[in-house]
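Just so it is clear, none of the values below were taken in a lab; they were calculated from the coordinates. Computed from a predicted model, the values in this text were never measured in an experiment. So basically every Cβ, Gly included, is an ideal-geometry build from the backbone, and we count neighbours across all protein chains shown.
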Amino acid sequence: MSISFFIKFPIETFKVIKEDSKIVLIGSCFTEHIGNRLNMAGFKTTINPFGILFNPLSISNSINRILNLEVYKKDDLTQNQEGRFISFDHHGRFSGPNANKVVEEINTSLMGANAAIKAADILIVTLGSAWVYKHLRENKIVANCHKIPNHEFEKELLDVQTIVSSLNETLKKIRIHNPDSKILFTISPVKHLRDGIIENQRSKATLILAISELLKSGDNDSYYFPAYEIVTDELRDYRFFEADHAHPNQMAIDYVWQRFIETCFTETAIEKAAEAEKLSKAFAHKTLHNEGMNENLEQKIKRYLDRYK
C-alpha cells in the first residue's frame, strides 16, 4: 500500500499578473510577505497603506476612505495609556507621541494609496480574521486595539452576510474608480491562536464562505488564491511554522510564492521574476562581501531595467 504524507491539489489558474502590472496589496501580515516578494521580483507595489489589517470590515473601511479621500484630523486620534496617539483604523506603525506628525503620516499614505488604487492593474486583498473588536466608548469596530485594556472592547464573530455586504459595497466603489482592475482575494494562513484553536477555525471558515459568496456576485474580474488551503492542506505540518506555531516560516512562504507564480503570473511575468531574483542574489552577494559591482553585473542590471522599465 502506498502512503503519501503530501498532497498537491489542483488550483484553477488565472494568469492576470503581467510583467508591467502595478499592484496594491491590503490586509494581514501575510500580505506583506507576498508584497515584499513582488517587490523583489521587480513589480511596482503599494503595500498596506493603513498598515497590517486583519478583519474584513476594517479592510473595507480603509479602501473606502482611500477612494473617497477622507483625510484624518487630530480629533480622529486617541491617546493610549502609553501616551501615544493612535488611530483605531490603522496599525500601530501609524502612531507616536506627536499627534500632528501621526496625522501627517496617515494622510500622506492615504493620498498615495488613492493614486495607486486608481492606477492599479491588480488589487490583492488578504483577510486574516472574522473576529472583530468593538470599542465601547467610540462605538466602532477597530482595526487594532493598540494595547488598550480589554474591558474597553466587545468581541464578536462576524457573520458571512455582514462580510459579503461590506466587501461587495467596496468592490462596487473600486469599480467606479478603476473598472479594469483585477481583484485577488485570499485568506491568510496565519493562525490567530489567541482567539483559540476552535475559534480560529470558525473564523477562517467564515471568511472562506464569505469570499465564496462574494465571488458569485457576478464580478468577472475577481479571483481567489487559496493561500490558507495551501499551507493547511498541502504543507499541513508544524515544520512549516515559526516557533509560535502561528506564522508560516520562510519555507512555507517560499512554497506559497511558487504556487502564486504558477497560478497568477503570465509567462513573461515569470521570466521577469526569475531574472530579478538572480540579480538580487548576485547584488546581495557583492554587498555581503563588500565588493563593488563588476562590469558584467552592471550590464545585466542595465539590460533588465531597459527591458522592464
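With the helix formula -39500 (n - 2.57) applied to DSSP H stretches of n ≥ 4, the chain reaches a computed 222 nm mean residue ellipticity of -14500 deg cm²/dmol. Under a model in which nothing but the beta-carbon of Lys, Arg (+1) and Asp, Glu (-1) is charged, the chain shows a dipole of about 400 debye around its Cα centre. For segment 53-124, the Cβ-based charge dipole about the Cα centre amounts to some 60 debye (Lys, Arg positive; Asp, Glu negative; other atoms uncharged). Rounded to the nearest 20, the Cβ-based charge dipole of segment 1-138 about its Cα centre (Lys and Arg +1, Asp and Glu -1) stands at 140 debye.
Less than 16 Å from a label point 7 Å out along the Cα-to-Cβ axis of Glu12: which backbone N atoms in segment 185-208 qualify, by residue? Taking a point 7 Å out along Cα→Cβ of Glu12, the residues of segment 185-208 whose backbone N falls under 16 Å are 185-186.
Within 11 Å, Cβ to Cβ, of Thr232, how many net charges do the neighbouring residues add up to if Lys/Arg are +1 and Asp/Glu are -1? Here the charged neighbours net out to -1.
Of the peptides 32-43, 191-202, the order by per-residue mean of other Cβ atoms within 10 Å, starting with the highest, comes out as 32-43, 191-202. Axis of helix 99-119 versus longest Cα principal axis of the chain: the two differ by about 50°, to the nearest ten degrees. Expressed to the nearest 5 percent, the antiparallel share of DSSP beta bridges inside the chain is 40 percent.
Taking every alpha-carbon pair under 8 Å whose residues sit at least 6 apart, the chain reaches a relative contact order of 22 percent. Highest-first packing order for the peptide set 213-220, 165-172 is 165-172, 213-220, based on the mean count of other beta carbon atoms within 10 Å.
Distance from the alpha carbon centroid of segment 61-131 to that of segment 257-281 works out to 31 angstrom. Once the Cα atoms are used to define both axes, helix 56-68 deviates from the longest principal axis of the chain by about 80 degrees.
Seen against the Cα atoms of the chain and their longest principal axis, helix 160-177 is set at about 60 degrees. From most to least packed by mean Cβ count within 10 Å, the peptides 238-244, 129-135 give 129-135, 238-244. Qualifying trypsin sites (Lys or Arg not before Pro) in segment 63-124, where qualification requires a DSSP coil assignment and no more than 13 other C-beta atoms within 10 Å, comprise Lys73, Arg93.
Take the alpha carbon gyration tensor of segment 22-265, find the square roots of its eigenvalues, order them as a ≥ b ≥ c, and report rounded if a/c is under 1.5; if not, report prolate when a/b exceeds b/c, else oblate. Cα axes put segment 22-265 in the rounded bin. Taking the charge dipole of segment 22-265 about its Cα centre, with +1 at Lys and Arg Cβ atoms and -1 at Asp and Glu Cβ atoms, the residue from Leu77, Phe240, Asn200 reaching farthest to the positive side is Leu77.
Taking every DSSP beta bridge that has both ends in segment 1-136, the antiparallel portion is near 25%.
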